[in-house]
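The values are calculated or read from the model by the stated rules, or taken from the named source; none is laboratory data. Quick caveat, the model's predicted, so the values are computed rather than measured. Cβ placement follows ideal geometry from the backbone for every residue including glycine, while neighbour counts extend to all protein chains displayed.
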Amino acid sequence: MVVLWALLLLSILAGSFLLEARAARTIAASAAIQFRSRVLADAAINRAIMALLDQTDPLRLPLDGTAYQIQFLGHSVRLSCESEAGKVDLNAAPINLLGALFRGQGLTGEQAAALAAQIVVWRSPLRPSSENEAIASYQEAGRLYGPRFGKFKSIGELRLVIGMNDALQTAVSPIITVWSGNGAIDRSVAKESLLQALEVTNDSLSAGQLAARQRGQAAGQDRPPALGEVLTITARLEVSGIAATRTAAIQIAGDRREPYRVLSWH
């Protein structure tokens, strides 16, 4: 009996070991595929950067974020390139543009104006005459912090501004930026969602651009990137059933030694 129990125990241990080894192999194989997918996606982004720097390159990606499927190293890759110039810059947009952005998301004129004013307070240098009042409004709302009194570091920081909520943050995140450095919007490369939001506020330029796109007569989407322009490139692909998405933000530098700068890559 003792021998039989010992053999049974050994069988159970051997089975557990085999199952563990099989699981380890599966995890390792999955990790290898994920790594390969990320490497391929990064390579595709580099391919897009090369095309942006060489206007004779046959790969021409429009700067409005339209995604195109290309064949790259034996894989189908979905590539898009989006100019930050076609977004609302939190650090540079005038208060009336910020208000129009939020009215286009369904806020009333009063609500939009109040939120736009809070954004301007957040990004403005500290002024002693307004410091206490600005901080007090956050304390009254139950916040343990006040405005930065400095530039937004990321679009995610907008969620900290009093008056913002999760739903509104999610809605505006694709059409706002901290990288364009321009108070105006290049509507030729703006997302349709932004043009539609501004059209609601009787923005004739946005309405005209939307109409031109519908007619297939929009100009500027295929223009070359400008010096200093920031572009966000996204690559998506699937390898053996495992999807990978990589995104890089670069700035056109125009220097032969440094043709572009990487602002983020993830």
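Could you list, in sequence order, all residues of segment 161-174 that are aliphatic (A, V, I, L, M) and either closer than 19 Å to L194 by Cα or without any contact (Cβ under 8 Å) to a residue 24 or more places away in the chain (or both)?
Step one: filter segment 161-174 for residues aliphatic (A, V, I, L, M), giving 161-162, 164, 167-168, 171-172.
Once the filter is applied, which keeps residues that are aliphatic (A, V, I, L, M) and either closer than 19 Å to L194 by Cα or without any contact (Cβ under 8 Å) to a residue 24 or more places away in the chain (or both), segment 161-174 yields M164, A167, L168, A171, V172.
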Count of segment 137-152 residues which are out of contact with any helix residue (DSSP H, G or I) (no Cβ under 7 Å at 6 or more places or on another chain) and within 24 Å of R103 (Cα to Cα): 3
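Yes or no: A44 closer than 30 Å to E258 by Cα, in a helix (DSSP H, G or I), touching a strand residue (DSSP E or B) at 6+ places or on another chain (Cβ under 8 Å) and at pLDDT 90 or above? Even if it seems obvious, please write down each step before you answer.
Numbers: closer than 30 Å to E258 by Cα: yes; in a helix (DSSP H, G or I): yes; touching a strand residue (DSSP E or B) at 6+ places or on another chain (Cβ under 8 Å): yes; at pLDDT 90 or above: yes.
Against the criterion (closer than 30 Å to E258 by Cα, in a helix (DSSP H, G or I), touching a strand residue (DSSP E or B) at 6+ places or on another chain (Cβ under 8 Å) and at pLDDT 90 or above), A44 qualifies.
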Any hit, segment 140-150, residues being farther than 30 Å from R236 by Cβ and aromatic (F, W, Y): yes
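For segment 233-262, enumerate the residues that are among the acidic types (D, E) and either in contact with a Phe, Trp or Tyr (Cβ under 9 Å, 6 or more places away or on another chain) or in contact (Cβ under 8 Å) with a residue 60 or more places away in the chain (or both). Steps first, please.
Step one: filter segment 233-262 for residues among the acidic types (D, E), giving 238, 255, 258.
If the condition is that a residue be among the acidic types (D, E) and either in contact with a Phe, Trp or Tyr (Cβ under 9 Å, 6 or more places away or on another chain) or in contact (Cβ under 8 Å) with a residue 60 or more places away in the chain (or both), then E238 is the only one that fits.
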Any pair with Cβ under 9 angstrom, 6 or more apart, that starts in segment 121-150 at a residue that is farther than 23 Å from P94 by Cβ and touching a residue at least 12 places away in the same chain (Cβ under 8 Å) and ends at one that is assigned to a loop (DSSP other than H, G, I, E, B) and among the hydroxyl-bearing types (S, T, Y): I135/Y145; Y138/Y145
